[in-house]
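A short write-up of the structure that comes next.
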Amino acid sequence: MEQVLGKYLPERSVDLCLQLIKVNGVHLKIVNERVTRHGDYRRLPDGKHLITVNATLNEYRFLITLVHEIAHLVAFEKYGRSIKPHGVEWKRTFQFLMLPFLRPEIFPSKLLPLLALHFKNPKASSSTDARLSIALQQFDKHENNKTYVFQLPIGSIFRIYNGKLFKKGNKRVKRFECVEVKTGRVYLFQPNAEVELINN
């Protein structure tokens, strides 16, 4: 297990993660990329705890995702199954479990201030924290010809992962109103949503 984790995690975080996995009886499954989520936690009918994490994540996002999912398990075990999945109990648990990892031996120093800010009130996904998400994407290994919604001029046409086309509109507080070309329906996009520019 240590060798497998070493391929996906920052080197100095492997032992801490192994401890979390063993102490909490986690069955970890590393899976092919799912566009809609980085990872998930499920309690199986036999009582075992299954956590899946996308294999394609960079080492820092992999670590955050793994601890995020373990925090679900720990929070449910401690507070019961009736708590909200990303409610206050989960947030406290995630903060507590993540604290030992927020060190310069594990994360690059330029990420640490953004992580400190994020973990004051962690979101349901690190992807919804635009500044942190963009900073983490610098460490992605794969070639990426995509751009972000916030970079596009208003009126641009862009394609998302499932092939649907949208026209970028104005910013509404934090997110951008974008109109699906085919249906005319308005959707809100996070500024850091990865898209493919078709034309502007």
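The values are calculated or read from the model by the stated rules, or taken from the named source; none is laboratory data. Just so we're clear, the structure is a prediction, and the values are computed from it rather than from any experiment. Note that we place each Cβ from the backbone using ideal geometry, even for glycine, and neighbour counts take in every protein chain shown.
State all residues of the stretch 1-38 that are hydrophobic (A, V, I, L, M, F, W, C), surrounded by fewer than 12 Cβ atoms within 10 Å (Cβ to Cβ) and closer than 30 Å to residue 193 by Cβ; if no residue qualifies, say none.
Hit for the stretch 1-38 is 35, nothing else.
Apart from one condition, residue 68 fits all of (1) in contact with an Asp or Glu (Cβ under 9 Å, 6 or more places away or on another chain); (2) under 19 Å from residue 106 (Cα atoms); the exception is (1). Determine if the stretch 64-82 includes at least one residue that is within 14 Å of the chain's Cα centre (by Cα), modelled with pLDDT of 95 or more, of a type in the set (Asp, Glu) and in the same structural domain as residue 30 (by TED's automatic domain parsing). Yes, some residue in the stretch 64-82 is within 14 Å of the chain's Cα centre (by Cα), modelled with pLDDT of 95 or more, of a type in the set (Asp, Glu) and in the same structural domain as residue 30 (by TED's automatic domain parsing).
Of all residues in the stretch 3-17, how many are under 17 Å from residue 68 (Cβ atoms) and without any contact (Cβ under 8 Å) to a residue 40 or more places away in the chain? First the steps, then the outcome.
Of the stretch 3-17, the ones under 17 Å from residue 68 (Cβ atoms) are 5, 8-10, 13, 16-17.
Checking which are without any contact (Cβ under 8 Å) to a residue 40 or more places away in the chain leaves us with 5.
Final tally of qualifying residues: 1.
Restricting attention to the stretch 102-127, and to residues there that are among the hydroxyl-bearing types (Ser, Thr, Tyr) and under 15 Å from the mean Cα position of the chain (by Cα), which single residue is surrounded by the fewest Cβ atoms within 10 Å (Cβ to Cβ)?
The qualifying residue surrounded by the fewest Cβ atoms within 10 Å (Cβ to Cβ) is 125.
When residues in the stretch 156-181 are screened for being closer than 20 Å to residue 130 by Cα, β-branched (Val, Ile, Thr) and at pLDDT 90 or above, 1 of them pass.
When residue 155 is tested against (1) buried (at least 17 other Cβ atoms within 10 Å of the Cβ); (2) small (Gly, Ala, Ser); (3) on the phi > 0 side of the Ramachandran plot, only condition (1) is not met. The residues of the stretch 1-54 that are under 27 Å from residue 133 (Cα atoms), over 15 Å from the mean Cα position of the chain (by Cα) and among the small types (Gly, Ala, Ser), listed by number, are 6, 13. Can you give me the number of residues within the stretch 96-114 that are within 18 Å of residue 70 (Cα to Cα) and not in a loop (DSSP other than H, G, I, E, B)? Count: 6.
Within the stretch 57-67, identify whether any single residue is touching a residue at least 24 places away in the same chain (Cβ under 8 Å) and surrounded by fewer than 16 Cβ atoms within 10 Å (Cβ to Cβ), and answer yes or no.
First pass over the stretch 57-67, keeping only residues touching a residue at least 24 places away in the same chain (Cβ under 8 Å): 57-67.
From what's left, surrounded by fewer than 16 Cβ atoms within 10 Å (Cβ to Cβ): none.
No: the stretch 57-67 contains no residue that is touching a residue at least 24 places away in the same chain (Cβ under 8 Å) and surrounded by fewer than 16 Cβ atoms within 10 Å (Cβ to Cβ).
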